[in-house]
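Student: Structure in structure tokens, see below.
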Amino acid sequence: MRKLKIAIVANSCWNIYNFRKELIRHLNMAGHQLIVIAPVDEYIHYLNDNYFTRHIALNHLNPKKISWFKDVLLLRELYAIYKREKPDLIFHYTIKPNIIGSLAAGMLGIKSVSTLTGLGYAFSKWKYRIIFNTLYKWALRQNVKVVFQNAEDLKLFVANKWIDEQKARLIPGSGVDTNKFRLHQVQKDNANFVYLFVGRLLKSKGLSEFVHAAMETRSIVKQVEFWVIGELDSSNPDSIAEMDLLHWTNTRIIKYFGHQNDVRKYLSKADVIVLPSYREGLSRAILEALSMEKPVITTNVAGCMELVKQNWNGFLVPPKEIPLLAQAMVNMYNLSDDARLKMGKNSRQLALDKYDLNIVLHAYDDLIDELIFEEVLTHQKQRDSLS
């Protein structure tokens, strides 16, 4: 198969560093030429590890606000970049690149693929529902394929006729490096049972539910700790209040460790991972927990329920149901060490069987090969019609 010039477009270098770096490295090693198009932030240091990638800065992409003026400028900016760079294929990630980038690519007749990495906060708000029913539907028509990270989102988009089912492709998230995320025996600092929440400090991640369930759990069982790892972003409308975080920390309901670039030592010391999210694409936090042989308590929503089988590698509870979440946390505490160990082993096996990074990378290889084959077939048909 021929080698392509591929553009990867996202709303931040943070997104590239955390979710796309291995894909970029893999595609480059396969012989494709890679360029990344995203606003510049402190995570631009991903280039240190991926020096073979050229980065083009975006000046008009603000992922946190809807500004029609800025979005028109972004459309013009992406159109100019795509016209100048002439990529053979564009992968769009996150909402604004998916919408505005797909429109720019469509105007130039460039093949593009959008990836839906979850609906989350945006999908719960009525004004964003309008966006899905209008702009998203219009923009995704420009794509040759639309990638989903969970089957529920795929079914939703097909059922609402936001995309043609023939364009839909299911790829299980961004994968997890099961060699990197491997459990090593770590001496715990104390004998307390540790519940760990890992994720951005957002309402839609269920952090408030985690904290309130922690208070209920502590009233029933003793010698427990509740750890939180994640970044506080006050500019995000979905962020928890700074005063709430301060109160939870001051009153010792939780131990807050801030943002951590490497969560493995915390995962190693945790007894169970808890993520009461309202909705995910495919939770990276849970994937890493699975790979580290941890049982998981999460919600029976898209992007979470695929990763936990009830009573096999964890517990599923309805979202926003604090008493049921607390009961699941108590139940996990009351399991024998052997039962929790078995759940952790099952988690690891699930990660190896379905979500290993190599599975995801090969899925992208297959997608690219399919698009190249379709292009060759189209050219062959055109030549045959002229002969």
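Student: Inside segment 56-105, can you point out the residues that are touching a Pro at 6+ places or on another chain (Cβ under 8 Å) and basic (K, R)?
Tutor: K64, K96
Student: Can you find a residue in segment 56-73 that is among the hydroxyl-bearing types (S, T, Y) and under 16 Å from I6 (Cα atoms)?
Tutor: no
Student: Which pairs have Cβ atoms under 9 Å, sit 6 or more apart or on different chains, and link a residue in segment 345-358 that is at positive phi and free of Cβ contacts under 8 Å to residues at least 60 places away in the same chain to one that is buried (at least 20 other Cβ atoms within 10 Å of the Cβ) and not small (G, A, S)?
Tutor: Cβ pairs passing all conditions: none.
Student: Filter segment 238-268 for residues that are in a loop (DSSP other than H, G, I, E, B) and more than 19 Å from the chain's Cα centre (by Cα); which is nearest to H184 (Cα to Cα)?
Tutor: My answer is F257.
Student: Let me ask you something else. Going through segment 278-324 one residue at a time, which ones are assigned to a strand (DSSP E or B) and either more than 18 Å from V194 (Cα to Cα) or of a type in the set (A, V, I, L, M, F, W, C) (or both)?
Tutor: V296, I297, T299, Q310, F315, L316, V317
Student: Related question: Counting only residues that are in a strand (DSSP E or B) and more than 21 Å from the chain's Cα centre (by Cα), which one in segment 222-236 is surrounded by the most Cβ atoms within 10 Å (Cβ to Cβ)?
Tutor: F226
Student: I've got another one for you. Return the pairs, sorted by first residue and then second, in which the second residue is at pLDDT 90 or above, the first residue lies in segment 147-169 and is over 25 Å from D365 (Cβ atoms), the beta carbons are less than 7 Å apart, and the residues are 6+ apart or on different chains.
Tutor: E152/A302; W162/L140
Here's the yes/no breakdown for (1) crowded, with 17+ Cβ neighbours inside 10 Å; (2) modelled with pLDDT of 95 or more; (3) under 21 Å from the mean Cα position of the chain (by Cα); (4) under 15 Å from C13 (Cβ atoms):
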| site | (1), (2), (3), (4) |
| --- | --- |
| N28 | no, no, no, no |
| G31 | no, no, no, no |
| V36 | yes, yes, yes, yes |
| E42 | no, no, yes, yes |
| F52 | no, no, no, no |
| P63 | no, no, yes, yes |
| S67 | no, no, no, no |
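Student: Of the residues S239, S291, S268, only one is crowded, with 24+ Cβ neighbours inside 10 Å and out of contact with any Pro (no Cβ under 6 Å at 6 or more places or on another chain); which?
Tutor: Only one candidate qualifies: S291.
Student: Take segment 219-266 and flag every residue that is among the charged types (D, E, K, R) and touching a residue at least 12 places away in the same chain (Cβ under 8 Å).
Tutor: E225, E231, D233, D238, D244, K255, R264, K265
Student: Picking from L201, L207, L232, which residue would you name as being among the aliphatic types (A, V, I, L, M) and modelled with pLDDT under 95?
Tutor: L232
The values are calculated or read from the model by the stated rules, or taken from the named source; none is laboratory data. Computed from a prediction, not measured in an experiment: that's the story for all the values here. Quick reminder, even Gly has a Cβ in these numbers, built from the backbone with ideal geometry, and neighbours come from all protein chains shown.
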